[in-house]
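Just below is one structure, and these are the notes that go with it.
The values are calculated or read from the model by the stated rules, or taken from the named source; none is laboratory data. Remember, predicted model here, so these are calculated numbers, not experimental data. Here the Cβ positions follow ideal geometry from the backbone for every residue, glycine too, while neighbour counts run over all protein chains shown.
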Amino acid sequence: MSKKKENLLKGFYDVSPLLLPVVPFGIIFGAIGIELGFGPYITYATSIIIFSGASQIVFFQLLSNGASSIIAITSSSVVSTRHLLYGAVVAQYLSKLSLMWKIFLSYLLTDQAFAVSQEFFKKNSNDEYKHYHLLGAGLTLWIVWQLTTVIGILLGSIVPEELGLSFTIPLTFLALLINYFRKIDHLIVIFLSGLSSILFYNAPLKSYIILSCVISLFIIFLINKFQKKI
Amino acid sequence: MTIWISVVIAGIINYLTRLGSILLIKPERLSESAKKILGYVPSAVFPAIIFPAVFLNETNTIVQINDPKIIGFFVAIVIGYISKNIISTIIAGLISYWIVIFLF
């Protein structure tokens, strides 16, 4: 098997366990779009054009609550700002790629694809075709997100709410952090970010995610700097 | 019609947040300490998604200590710590959460 195909499939395998919350979330999103009165075309278009579950939900919820388009666009964009950090991490490994690759892979840079591919990049930084891992993980998520949005639009909320599957979203992100549980510096960042997100949850324009990132990264930067001095 | 324009604008901005750093950051210009800080990005972003989903309920107030989500969360941490396996962590958290909501 060629190295390209091998990395592509590895991306698919690595991201598969993370599909557990994506499937019900996609269906629920499709159903919510219809319930809130956005109609099948707009609802589906957001899955292609915005392609980010959290931003899509924020966008729809604000508009349906009567917020202006500007507020809805701004808030969904603020939720997306975390991608700037993801991009900064993977940029270290993708710098040699052509512009076309960068343009295409950026579209596929979701939370889950970032999580598994940055791990792969760290371990295989000398692999010439390592970007195929992100392609495999990203395409897998894209296809599943498109299909499940359509299922939700056509069939409504077929996922029983009693199962509480929305809880699988935090569980998946928690599982993605298990490699850091043994590292004290990472634990400090995790705790600081988590605490900030609760404290600033009601901050304007859904800015609590990026606020928590900036606060926790800044404090660990100070700690690292201070440690070097002693 | 305006809704279509809003969707497209939101989509373009969202895409630019993904493309921006990949296009503009030159790795050779990043200092060692900047690279070190970027290594913390997953630990800085994911908790901001995890904590509100576990510790806040629908009315944005802190949940009770015996909330099923708290129990699922801590079981997942313990199993994650021991097993170092993504699938077992998710499954353990979900099953313990289901046990609490369906059996008690």
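The requirement of being of a type in the set (A, V, I, L, M, F, W, C) and surrounded by fewer than 18 Cβ atoms within 10 Å (Cβ to Cβ) is not satisfied by residue A:20. Beta carbons closer than 9 Å, at least 6 apart along the sequence or on distinct chains, never pair a first residue in the range A:200-226 that is assigned by TED's automatic domain parsing to the domain that holds residue A:61 and in contact (Cβ under 8 Å) with a residue 60 or more places away in the chain with a second that is assigned to a helix (DSSP H, G or I) and not hydroxyl-bearing (Ser, Thr, Tyr).
Can you find even one residue in the range A:154-173 that is assigned to a helix (DSSP H, G or I) and within 30 Å of residue A:3 (Cα to Cα)? Scanning the range A:154-173, I find at least one residue that is assigned to a helix (DSSP H, G or I) and within 30 Å of residue A:3 (Cα to Cα), so the answer is yes. Report, by residue number, each residue of the range B:87-99 that is in contact with a helix residue (DSSP H, G or I) (Cβ under 7 Å, 6 or more places away or on another chain) and either surrounded by fewer than 17 Cβ atoms within 10 Å (Cβ to Cβ) or touching a residue at least 60 places away in the same chain (Cβ under 8 Å) (or both). Answer for the range B:87-99, where residues must be in contact with a helix residue (DSSP H, G or I) (Cβ under 7 Å, 6 or more places away or on another chain) and either surrounded by fewer than 17 Cβ atoms within 10 Å (Cβ to Cβ) or touching a residue at least 60 places away in the same chain (Cβ under 8 Å) (or both): just B:87.
Assessment of the range A:82-98 against the conditions (more than 30 Å from residue B:99 (Cβ to Cβ), part of a helix (DSSP H, G or I) and in contact with a Pro (Cβ under 7 Å, 6 or more places away or on another chain)) yields at least one matching residue.
Among the residues of the range A:59-75, those identified as free of Cβ contacts under 8 Å to residues at least 60 places away in the same chain and in a helix (DSSP H, G or I) are A:59, A:60, A:61, A:62, A:63, A:64, A:69, A:70, A:72, A:73. Annotation note: Cβ proximity below 6 Å between a residue of the range A:16-38 that is within 12 Å of another protein chain (Cβ to nearest Cβ) and a residue that is part of a loop (DSSP other than H, G, I, E, B) (sequence gap 6+ or interchain) occurs for A:24/A:159. In this structure, residue A:107 does not satisfy being touching a Ser or Thr at 6+ places or on another chain (Cβ under 8 Å) and either outside the structural domain of residue A:22 (by TED's automatic domain parsing) or not hydrophobic (A, V, I, L, M, F, W, C) (or both).
Residue A:170 fulfils the conditions (1) out of contact with any Gly (no Cβ under 9 Å at 6 or more places or on another chain); (2) at pLDDT below 95 except for a single criterion, (1).
Would it be correct to say that residue A:166 is buried (at least 22 other Cβ atoms within 10 Å of the Cβ) and not assigned by TED's automatic domain parsing to the domain that holds residue A:44? Can you show your working first?
Values: buried (at least 22 other Cβ atoms within 10 Å of the Cβ): no; not assigned by TED's automatic domain parsing to the domain that holds residue A:44: yes.
Spelling it out, it is not the case that residue A:166 is buried (at least 22 other Cβ atoms within 10 Å of the Cβ) and not assigned by TED's automatic domain parsing to the domain that holds residue A:44.
Residues in the range A:23-45 that are crowded, with 21+ Cβ neighbours inside 10 Å and of a type in the set (A, V, I, L, M) were compared, and the one that is farthest from the chain's Cα centre (by Cα) is A:31. Taking each residue of the range B:65-84 that is under 15 Å from residue A:187 (Cβ atoms) and looking for partners that are part of a loop (DSSP other than H, G, I, E, B) with beta-carbon atoms closer than 7 Å, six or more apart or interchain, yields B:80/A:181; B:81/A:181.
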